[in-house]
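S.K.: Below is a structure I'd like to ask you about.
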Amino acid sequence: MKMVALRVPLSESDMDSEGKVRLPQQKLEEGEHIIRRVVELSKLKEIIDDYMTRGFVVDARLSHFAIGWDLALRVQNGQI
């Protein structure tokens, strides 16, 4: 597994009339139910924890990424 981070420059054509990023249409397989939600990285762990307490299953890779990001922010801010 590799972790890749990148910045994606967006132009006005990537935004809708309300200023939100246009997302591509999902192509789900039969039986799949995936909810796409765009969140700030700084709030990702909090949101994932909320989903898990409500009984949702969260992909382990996403959960581990969120824990690592939260830990890095706390180290950077001198909280650890």
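S.K.: Once Lys and Arg get +1 and Asp and Glu get -1 on their Cβ, which of Leu73, Gly19, Pro9 lies farthest toward the positive end of the dipole of the chain?
M.R.: Leu73
S.K.: Let me ask something additional. In the chain, carbon and sulfur make up what percent of the accessible area (probe 1.4 Å)? Each step should come with its number before you reach the end.
M.R.: On the way: 4120 of 7610 Å².
Accessible surface attributable to carbon and sulfur in the chain totals 54 percent.
S.K.: Return the calculated 222 nm mean residue ellipticity for the chain, to the nearest 500 deg cm²/dmol, obtained by summing -39500 (n - 2.57) across DSSP H runs with n ≥ 4 and dividing by the residue count. All intermediate terms of the calculation are to be shown ahead of the outcome.
M.R.: Values: 2 runs with 27 residues, N = 80.
Here the helix-only value at 222 nm equals -11000 deg cm²/dmol.
S.K.: Give me the net charge for the shell around Ile34: Cβ to Cβ below 14 angstrom, other residues only, Lys and Arg +1, Asp and Glu -1.
M.R.: Details: positive: Lys27, Arg36, Arg37; negative: Glu29, Glu30, Glu32, Asp59.
Net of charged neighbours comes to -1.
S.K.: Averaged per residue, what accessible surface does the chain expose to a 1.4 Å probe, in Å²? The partial results should precede the final answer.
M.R.: Values: 7610 Å² over 80 residues.
Heavy-atom SASA per residue in the chain reads 95 Å².
S.K.: While we're here: Which value, in debye to the nearest 20, gives the size of the charge dipole of the chain about its Cα centre, when Lys and Arg are +1 and Asp and Glu are -1 at the Cβ?
M.R.: Values: 12 positive and 13 negative charges, 59 e Å.
It works out to roughly 280 debye.
S.K.: Further question on the same structure: Could you work out the relative contact order of the chain? I mean the mean sequence separation of Cα pairs under 8 Å and 6+ apart, divided by the number of residues, in percent.
M.R.: Working: 23 pairs, mean separation 15.4, N = 80.
It comes to 19 percent, rounded to a whole number.
S.K.: Mind sorting out which of (1) 96, 38, 17; (2) 41, 35, 28; (3) 38, 24, 24 is the real Cα extents along the principal axes in Å computed from the coordinates?
M.R.: (2)
S.K.: Can you tell me how much longer the chain between Phe65 and Leu28 gets when fully stretched, taken as 0.36 nm per residue apart minus their C-alpha distance, in nm with one decimal?
M.R.: 11.0 nm
S.K.: Using 0.36 nm times the number of residues separating Glu12 and Phe56, minus their current alpha carbon distance, what extension gain do you get? Don't jump to the answer; show the numbers that get you there.
M.R.: Values: separation 44, 0.36 × 44 = 15.84 nm, distance 3.47 nm.
Full extension of this stretch gives 12.4 nm more.
The values are calculated or read from the model by the stated rules, or taken from the named source; none is laboratory data. Keep in mind it's a predicted model, so treat the numbers as computed, not measured. Heads up, the Cβs are rebuilt from the backbone with ideal geometry, glycines too, and the neighbour counts pull from every protein chain shown. Protein only, heavy atoms only, side chains kept; ligands, DNA and RNA dropped before computing areas. Shrake-Rupley method; radii C 1.70, N 1.55, O 1.52, S 1.80 Å.
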